[in-house]
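Colleague: Provided herewith is a single structure, encoded as structure tokens, for subsequent inquiry.
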Amino acid sequence: MNILKEWYEKIEQADDVASLEEIRIAVFGKKGVLAGEFAKMKSAPNEEKSKIAKELNTHKTALMQQLSDKKIELQTKELYAKMEAEAIDVSMFSTKSSAGALHPVMQTMDRIVEYFASMNFTVKTGSMVEDDFHNFEALNLPTYHPARDMQDTFYFKDAMLLRTHTSPVQIRTMMATQPPIRMIAPGAVFRRDYDLTHTPMFHQIEGLLVDEAGKVSFANLKFILEDFLKYMFGDVAVRFRPSFFPFTEPSAEVDISCVFCKGDGCRVCSHTGWLEVLGCGIVDPNVFEAVKYENVSGYAFGLGVERFAMLIHQIGDLRSLFEGDLKLLEQFQ
Ligand code: DAH
């Protein structure tokens, strides 16, 4: 068995994984030393065969163990040498962590809240799961009103639903407090929509101001929204267009001159030079009646935060804001 003994030493002296592999083949290969010894055993006298086999098998196990220990040792050594040689080893797990940042939608939301807070508006929140009364009925949207079709949503049992807008926070605030009211309500809302410019969940900011009858006019509303839009978008033109919302009368949609083409007309503004950014109006008397307010006047407005973020950062596809792609998000740190 002396022939096997020298291999222990060879394994011990191997100084890289490649030469160890050569040794493994020389010992365990089909034509290797061990196979040779087992073959020789066949011609040995019968009474010695079992003793030789036993001995060979003991060596076989011992050599295998030594080989595998040595392999781990050499692999580790080689890995450390490689790590030292290469400045960056991207295959290694890193324990370094990096600080996150606010999502662009939340950054935009904060900026909007900051403006209205500076104008003495209080921030109110409501529940994302609403009932029919607060989401529709009290906002002058009775059960079979056609305007409900534009706000189809997700329904629960017992007439509960995922709120389609932040307007129910107006109702909740008015029912819980007395005028004067100056509030905004930021939050997530839900609709059954999905395309380039619509996602099933998005964010809105609602605004409501209520004071004594005759105190709140459309001029007040125009002033604050123009000032706000200039704060958000810089030097843009602002235009009020007559529109319809069940909870305001009169109602208007507000456009800004296109931030991409400066009003000349481009693909984003459908060559009109204008971008629609929010809805607003004078609170409809039916809404005040629903919350049992008398002798008051007020204005309200509502806007989509994602739309603002897209215009501010010139993002083309609304859905990309929800994909969690770091390549996009890291640009807003
Ligand atoms: N709730 C409306 C929507 O989701 C937005 C809106 C428009 C809110 C006009 C208002 C308003 O308060 O006066 O489409």
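Colleague: Being open to solvent by less than 20 Å² (accessible area, probe 1.4 Å) and assigned to a strand (DSSP E or B) is the filter; apply it to the stretch 258-293 and report the residue that is farthest from the ligand (Cβ to nearest atom).
Modeller: This residue is L275.
Colleague: One residue is enough: does the stretch 214-232 have a residue meeting the conditions modelled with pLDDT under 95 and basic (K, R)?
Modeller: So in the stretch 214-232, the residues modelled with pLDDT under 95 come out as none.
Within the stretch 214-232, none of the residues are modelled with pLDDT under 95 and basic (K, R).
Colleague: Inside the stretch 97-120, can you point out the residues that are over 15 Å from A309 (Cα atoms) and β-branched (V, I, T)?
Modeller: Correct list: empty.
Colleague: Evaluate the following for V296: is it buried (at least 21 other Cβ atoms within 10 Å of the Cβ), away from the ligand (no atom under 14 Å from the Cβ) and at pLDDT 95 or above? Working first, answer last.
Modeller: Details: buried (at least 21 other Cβ atoms within 10 Å of the Cβ): yes; away from the ligand (no atom under 14 Å from the Cβ): yes; at pLDDT 95 or above: yes.
In short, yes.
Colleague: Could you tell me whether any residue of the stretch 160-175 is of a type in the set (K, R) and touching a strand residue (DSSP E or B) at 6+ places or on another chain (Cβ under 7 Å)? So that I can check it myself, show each step before the final result.
Modeller: The initial filter retains those residues of the stretch 160-175 that are of a type in the set (K, R), namely 163, 172.
Those still in the list that are touching a strand residue (DSSP E or B) at 6+ places or on another chain (Cβ under 7 Å) too: 163.
The answer is yes, given that some residue of the stretch 160-175 is of a type in the set (K, R) and touching a strand residue (DSSP E or B) at 6+ places or on another chain (Cβ under 7 Å).
Colleague: Does L67 satisfy the condition of being open to solvent by less than 80 Å² (accessible area, probe 1.4 Å), within 60 Å of the chain's Cα centre (by Cα) and assigned by TED's automatic domain parsing to the domain that holds E6?
Modeller: Details: open to solvent by less than 80 Å² (accessible area, probe 1.4 Å): yes; within 60 Å of the chain's Cα centre (by Cα): yes; assigned by TED's automatic domain parsing to the domain that holds E6: yes.
Here the answer is yes, as L67 does meet what is asked.
Colleague: Here's something else I'd like to know. What's the total number of residues in the stretch 125-149 that are within 13 Å of the ligand (Cβ to nearest atom) and in a loop (DSSP other than H, G, I, E, B)?
Modeller: Qualifying residue count, the stretch 125-149: 4.
Colleague: One residue is enough: does the stretch 236-243 have a residue meeting the conditions within 12 Å of the ligand (Cβ to nearest atom), touching a residue at least 24 places away in the same chain (Cβ under 8 Å), in contact with a helix residue (DSSP H, G or I) (Cβ under 9 Å, 6 or more places away or on another chain) and among the small types (G, A, S)?
Modeller: no
Colleague: Across the stretch 221-235, which residue is farthest from V169 (Cα to Cα) among those that are aromatic (F, W, Y) and in contact (Cβ under 8 Å) with a residue 40 or more places away in the chain?
Modeller: Start the filter on the stretch 221-235 by keeping residues that are aromatic (F, W, Y), which leaves 223, 228, 231, 233.
Retained after the next criterion (residues that are in contact (Cβ under 8 Å) with a residue 40 or more places away in the chain): 228, 231, 233.
Values: F228: 21, Y231: 25, F233: 26 Å.
Ranking the candidates gives F233 first.
Colleague: If you check L79, L74, which single one turns out to be under 30 Å from L20 (Cα atoms), touching a helix residue (DSSP H, G or I) at 6+ places or on another chain (Cβ under 8 Å) and outside any loop (DSSP other than H, G, I, E, B)?
Modeller: Values: L79 fails: touching a helix residue (DSSP H, G or I) at 6+ places or on another chain (Cβ under 8 Å).
It is L74.
Colleague: Count, please, the residues in the stretch 235-252 that happen to be surrounded by fewer than 18 Cβ atoms within 10 Å (Cβ to Cβ) and closer than 18 Å to T166 by Cα.
Modeller: 1
Colleague: OK, next. Looking for whichever is among the small types (G, A, S), away from the ligand (no atom under 16 Å from the Cβ), over 26 Å from the mean Cα position of the chain (by Cα) and at positive phi here; the options are A176, A159. Which one fits? Give the steps one after another, and end with the answer.
Modeller: Values: A176 fails: at positive phi.
Of the residues listed, the single one that is among the small types (G, A, S), away from the ligand (no atom under 16 Å from the Cβ), over 26 Å from the mean Cα position of the chain (by Cα) and at positive phi is A159.
Colleague: May I ask you to say which residue of T122, T143, T108, T95 is open to solvent by less than 80 Å² (accessible area, probe 1.4 Å), of a type in the set (S, T, Y) and free of Cβ contacts under 8 Å to residues at least 24 places away in the same chain?
Modeller: Details: T122 fails: free of Cβ contacts under 8 Å to residues at least 24 places away in the same chain; T108 fails: free of Cβ contacts under 8 Å to residues at least 24 places away in the same chain; T95 fails: open to solvent by less than 80 Å² (accessible area, probe 1.4 Å).
Only one candidate passes the filter, namely T143.
The values are calculated or read from the model by the stated rules, or taken from the named source; none is laboratory data. Computed from a predicted structure; not experimentally measured. So basically every Cβ, Gly included, is an ideal-geometry build from the backbone, and we count neighbours across all protein chains shown. Please note that ligands, DNA and RNA were not included when accessible areas were found on the heavy atoms of the full protein model with its side chains. Shrake-Rupley method; radii C 1.70, N 1.55, O 1.52, S 1.80 Å.
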